[in-house]
Amino acid sequence: MDSLLLPLVSTGNVPQLATDLILHSLSSEFQFVRELDSLYLFPFAGPLDYVKGSETSLYEKTGQTFTTPLELFYSSKSKLYIIQQRSPILQPFENTFCKEVIAPLLEELQIGQLLVLDATDNIDESIISRQLRKSAYSIGTCDLSQITDIASEFEEKLQINDQTSQSVNKTLFKFSDTSFQSGVCTAQFVYKLCYHLLHTPKASSLLKEISYLNTFVQEGDNSEDAIAACNQLPQILSSFPRISHYKTPVSWEGVYGVREAPSSFEDGLYI
């Protein structure tokens with residue numbers, strides 16, 4: 001079965017930046033598949049992204065003329081699908097997005113492993129691990145291959161502790177010893193996503209594992225954070241291709257330290 005990488009729109013857009021790096025650094029391996037339903041996302045449209053001087057393009061021979069909010073790519077070599085999500089979900093529709101977009105897609109693509117990328121600058125005290133000062137990463141695994149009856153074990157997997165400042169779950173994911181968190185809050189999108197996937201019989205029967213990589217970052221120049229997050233992926237997904245040389249697309253120009261700092265201020269804008 002194939003795997004799917006899903007980047008969540010979160011702090012510093014680190015998951016989106018990491019996805020950019022993967023797709024453009026390995027553009028010869030990945031092909032654009034199609035646009036996905038973006039009804040529940042903030043509207044977005046932009047020019048097609050590319051790497052200057054590159055011989056290959058993600059959108060080569062696709063007929064695409066502009067970038068859309070939600071796009072699907074595939075590498076037959078790595079048997080890996082990647083979603084690039086460029087705009088946030090409209091908040092009232094997070095659960096609907098999970099049920100009507102992601103769950104059916106996993107069924108259609110016959111996904112066996114889901115890898116979710118996240119980033120945060122705020123961790124609830126109730127799930128902070130002693131490793132917070134030692135590691136910038138949390139790696140969690142939900143092994144569905146060990147669950148023979150999702151329905152009967154659902155309550156145990158998603159049991160909630162309501163005695164803390166936020167409702168938290170410490171049984172859904174088994175976090176590595178070096179992770180800076182020991183569980184997830186029910187307010188986090190990853191919890192809502194898992195809730196709906198485990199409630200979708202066909203998707204849950206296909207899925208063998210849900211992996212979760214959360215990066216602790218601060219808003220700013222997050223380009224290096226994105227590279228560092230990419231370097232964590234091979235230890236989570238064994239088939240993930242190692243990238244020896246990262247290539248950044250033209251959309252990064254003027255954003256992450258590649259232009260001179262503004263020198264004057266006029267009409268409320270730096271110029």
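Observations, loosely collected:
- Screening F32 with (1) touching a residue at least 40 places away in the same chain (Cβ under 8 Å); (2) within 28 Å of T96 (Cβ to Cβ); (3) not in a strand (DSSP E or B) gives one miss only, at (3).
- In the range 172-193, the residues that are small (G, A, S) reach residues that are at pLDDT 90 or above and buried (at least 16 other Cβ atoms within 10 Å of the Cβ) with C-beta atoms within less than 6 angstrom, at least six apart or across chains, in these pairs: S176/I139; S179/S138; S179/I139; S182/F175.
- Residue satisfying all of: in the range 225-248; in contact (Cβ under 8 Å) with a residue 24 or more places away in the chain and hydroxyl-bearing (S, T, Y); surrounded by the most Cβ atoms within 10 Å (Cβ to Cβ) among these: T248
- Matching residues in the range 205-224 - criterion: being buried (at least 23 other Cβ atoms within 10 Å of the Cβ) and not in a strand (DSSP E or B): L207, N222
- Considering the range 129-152, and only residues there that are in a helix (DSSP H, G or I) and under 20 Å from S205 (Cα atoms), the residue that is modelled with the lowest pLDDT turns out to be A151.
The values are calculated or read from the model by the stated rules, or taken from the named source; none is laboratory data. Nothing here was measured: the structure is a model prediction, and the numbers come from that model. Positions of Cβ are backbone-derived with ideal geometry, glycine not excepted, and every protein chain shown enters the neighbour counts.
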